[in-house]
Amino acid sequence: MDATLARLSDRIRAAHAARTPLRLCGTGSKDFYGERCVGDVLDLREYRGIVAYDPSELVLTARCGTPLSEVASVLEERRQFLAFEPPRFGGDPSIGGIVAAGLSGPRRAGAGAVRDFVLGASLLAVDGTLLRFGGQVMKNVAGFDVARLLCGSLGILGPIAEMSLKVMPRPRTEATVRFEMSAAVALDHFNRWCAQPLPISATAWCDGQAYVRLSGARSAVQTGQAIIGGEAIDEELAHHWWRGVRDHSLDVFRMTPRLWRVSLPSTAAFDLPGVALIEWAGALRWLQSDAPATEIRAAAQQAGGSAMLWRGTRDTSMFHPLDAANLALHRRLKQQFDPHGIFNPGRLVADL
């Protein structure tokens, strides 16, 4: 076992024996994300480095502490990238934190979420052993897919030590077009366009303007532009816009009052006022509102979705409360992986 991994393993064994909670930490880019978490810090940044990369097979394996900038640089040399566009939030997140958080950027609706790109992972268990799940090809997955279960777990099942990710070639051509239209009209257009064989890789609406990004072969992008129309945006300006959506550097993400992340079916009606940004053809809507949490969550649930309190005064849980069946499932999983609750206690669910 690698010396750094052995030290982490020893820390975990000691914490497990003493029933001492551990707070798993990487670069800190997503410290705001999740419920209140307590415990001694287990710094995972030292366990870093790209273990393997096969451009022809589109697979990269990296250790948890590897910065995203390092992964992106290696992939860029072969014109490849992480197609789920992991948010940076102004920092340089670790690849382990990206998988543990399970957050995706503007391309998610077309390309897939983080979990769709995880082929395999290894987990440091409470007894310090290294558990391996999945592999480096899709066909390696049999039975319960634990590697993808770790996506979005926020470390409550243990530190993700290493992961193999599917990477993708960069599109040969990208173009962004803009339209002046209301949110309701934009939602209708987004869903109609996305139902057609068009190379749409991202959609967004903000402040009366709708944006559509097309990606792929030059002929396909040009045909898509001819079909949907709109005002073509300069390539550099378009890159800046989508990066702002991805990394939450746009003003809309910093405005008051509280900002809610509402996940819905893309065609769902959501009548609460204050929607400031729409992504993923309507499946993700950012709501600025100081309405009571119960009202917002009831409206989201009625529309078939959920509401997360992304930023602002925290007088309620960040995550939408789980129903009884899902909460029971979470508890059973936590009990199996971490029976004494030492890994990130309370970060995903307040009392878990």
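Hey, what did the range 257-311 get for relative contact order, percent, Cα under 8 Å, at least 6 apart?
The value is 50 percent.
Percent relative contact order of the chain, based on C-alpha pairs within less than 8 angstrom and at least six residues apart?
Reported as a whole number, the value is 19 percent.
For the range 170-184, what does the Karplus curve 6.51 cos²θ - 1.76 cosθ + 1.60, with θ = phi - 60°, yield as ³J(HN,Hα) per residue in whole Hz, taken in order and with x for Gly and Pro?
My calculation for the range 170-184 gives 5, x, 5, 9, 9, 8, 10, 10, 10, 9, 8, 6, 6, 4, 4 Hz in order.
For the chain, what is the charge dipole size about the Cα centre, in debye to the nearest 20, if Lys and Arg each add +1 at the Cβ and Asp and Glu each add -1 at the Cβ?
For the chain, the charge dipole is close to 660 debye.
First select every other residue whose beta carbon is under 10 angstrom from the beta carbon of LEU352; then total the charges, Lys and Arg +1, Asp and Glu -1.
Residues close to LEU352 contribute a combined charge of 0.
Using Cα pairs closer than 8 Å and at least 6 residues apart in sequence, work out the relative contact order for the range 56-164, in percent.
Relative contact order, the range 56-164: 32 percent.
Search the structure for amide H atoms under 5 Å from the amide H of TRP310, placed 1.01 Å from N in the peptide plane, and list their residues when 5 or more places away or on another chain.
Close amide H contacts, sequence-distant or interchain: LEU259, TRP260, ARG261.
Under 12 Å from the Cβ of SER263, count the other residues' Cβ atoms, weight Lys and Arg +1, Asp and Glu -1, and hand me the total.
+3
Can you give the alpha-carbon Rg of the range 38-112 over 2.2 N^0.38 Å, where N counts its residues? Don't skip to the end; give the middle numbers.
Details: Rg = 13.1 Å, N = 75, 2.2 N^0.38 = 11.3 Å.
So the Cα radius of gyration is 1.15 times the expected 2.2 N^0.38 Å.
Amide H to amide H, which residues 5 or more places from VAL275 or on other chains are under 5 Å from it, using H placed in the peptide plane?
Answer set, sorted by chain and number: GLN288.
Return the FRET efficiency for the residue pair ALA226, ARG192: r is the Cβ-Cβ distance, R0 is 22 Å, and the value is rounded to the nearest 0.05. Please report the intermediate quantities before stating the final value.
On the way: r = 16 Å, r/R0 = 0.72.
It comes to 0.85.
What longest region of the chain stays clear of trypsin sites (Lys or Arg not before Pro) that DSSP places outside H, G, I, E and B and that have at most 10 other Cβ atoms within 10 Å?
In the chain, the maximal stretch lacking such sites is 20-253.
Quick one: Karplus J couplings for the range 207-223, per residue in order, coefficients 6.51, -1.76, 1.60, θ = phi - 60°, nearest Hz, x for Gly and Pro?
3J(HN,Hα) across the range 207-223, in whole Hz: 6, x, 10, 9, 10, 10, 9, 10, 9, x, 5, 4, 5, 5, 5, 5, 5.
Which cross-chain or sequence-distant (5 or more) residues have an amide H under 5 Å from the amide H of GLN80, H modelled 1.01 Å from N in plane?
For GLN80, the qualifying residues are ARG170.
Rounded to whole Hz and in sequence order, give me ³J(HN,Hα) for the range 299-309 from the Karplus expression 6.51 cos²θ - 1.76 cosθ + 1.60, θ = phi - 60°, writing x for Gly and Pro.
For the range 299-309, the Karplus-derived couplings read 5, 5, 5, 5, 7, x, x, 8, 10, 10, 7 Hz, x marking Gly and Pro.
Only the coordinates and a few stated rules stand behind these numbers; no lab work does. Everything quoted here is computed from the prediction, not taken from an experiment. Quick reminder, even Gly has a Cβ in these numbers, built from the backbone with ideal geometry, and neighbours come from all protein chains shown.
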